[in-house]
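Structure, as structure tokens:
Every number here is computed from the coordinates shown, using simple stated rules; none is lab data. None of these values were measured; they are calculated from a predicted model. Here Cβ is always computed from backbone atoms with ideal geometry, including for glycine, and neighbour counts include all displayed protein chains.
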Amino acid sequence: MNSIVLIGFMGVGKSTIGKELSYRLNLPFVDTDQLIEEETSLTIPKIFELYGEGHFRKLESEILNKVIQHNQVISTGGGIVELKQNRDFLKKQDYTTFLKASLNTIYQRLEGDQSRPLWNQPYVKRLELFNRRQAFYEEVSNLTIETDELSVSESVNLIISQLKL
Ligand code: S3P
């Protein structure tokens with residue numbers, strides 16, 4: 001079986017759902033953000049501060065190419081779809097799953113969050129980012145799961161049944 005790649009905006013629950021999915025499928029779980037932090041020994045805000053977003057995107061792309069080689073559940077950062085090369089790559093996968101939520105839900109989930117440099121900006125910028133990325137997520141995914149009204153286990157059940165895993 002190929003890797004299952006979870007994509008979607010910040011705060012949508014990719015890591016939480018990914019961990020539960022990996023447990024249910026008995027597959028390893030990896031989180032690209034976590035791997036970047038481990039490999040660089042820096043936090044994501046620090047990488048943005050020291051080297052900028054462009055550098056972070058490069059690291060993210062390298063990690064994605066590496067982790068996809070193994071069969072596992074992969075949780076990605078919300079901006080993985082920013083680079084065209086990543087979008088082309090994700091499109092070729094069989095199990096790219098878009099976890100979708102309204103901006104309202106995301107606001108509730110990320111209330112008080114200071115750890116995400118691209119969330120930590122004014123409302124108009126957040127809205128612009130959210131709107132622009134929706135088409136990218138749709139474009140590269142094989143499956144979309146609307147998570148607003150679902151519990152973690154309901155989302156996992158849907159992914160397993162829809163992807164016929
Ligand atoms: C980002 C999302 C974050 C992290 C970084 C950039 C983005 O991951 O990769 O802060 O550009 O949307 P999460 O989606 O897990 O919050």
Is there a quick way to get the dipole size of region 4-148? I mean about its Cα centre, with the Cβ of Lys and Arg at +1 and of Asp and Glu at -1; what is the value in debye to the nearest 20? 240
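Taking 0.36 nm per intervening residue step and subtracting the Cα-Cα distance, what contour gain separates Gln69 from Glu128 on full extension?
Stretched out fully, the Gln69 to Glu128 stretch lengthens by 17.9 nm.
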Between region 1-55 and region 134-165, what is the C-alpha centre distance in whole Å? 17
Charges at C-beta only: +1 for Lys and Arg, -1 for Asp and Glu. How large is the resulting dipole of region 77-165 about its Cα centre, in Debye rounded to 20? 340
Specify the longest stretch of the chain that does not include any exposed loop site, a site being one of the trypsin sites (Lys or Arg not before Pro) with a non-H, G, I, E, B DSSP assignment and at most 12 other Cβ atoms within 10 Å. 1-91
Charge dipole of the chain built from unit charges on the beta carbon (Lys, Arg +1; Asp, Glu -1), centred at mean Cα; most positive-end Cα among Met10, Gly54, Ser155 is Gly54
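I want to check a number: in the chain, how many lysine pairs have alpha carbons closer than 16 Å, given a sequence separation of 8 or more or different chains?
Within the chain, the lysine pair count is 6.
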Paramagnetic reach from Thr144 (point 7 Å along Cα→Cβ, amide N under 11 Å) across region 118-135: 134-135
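Which residues make up the longest stretch of the chain clear of GluC sites (Glu not before Pro) that lie in a DSSP loop with no more than 13 other Cβ atoms within 10 Å, not counting the sites?
Longest run free of exposed loop sites: 1-110.
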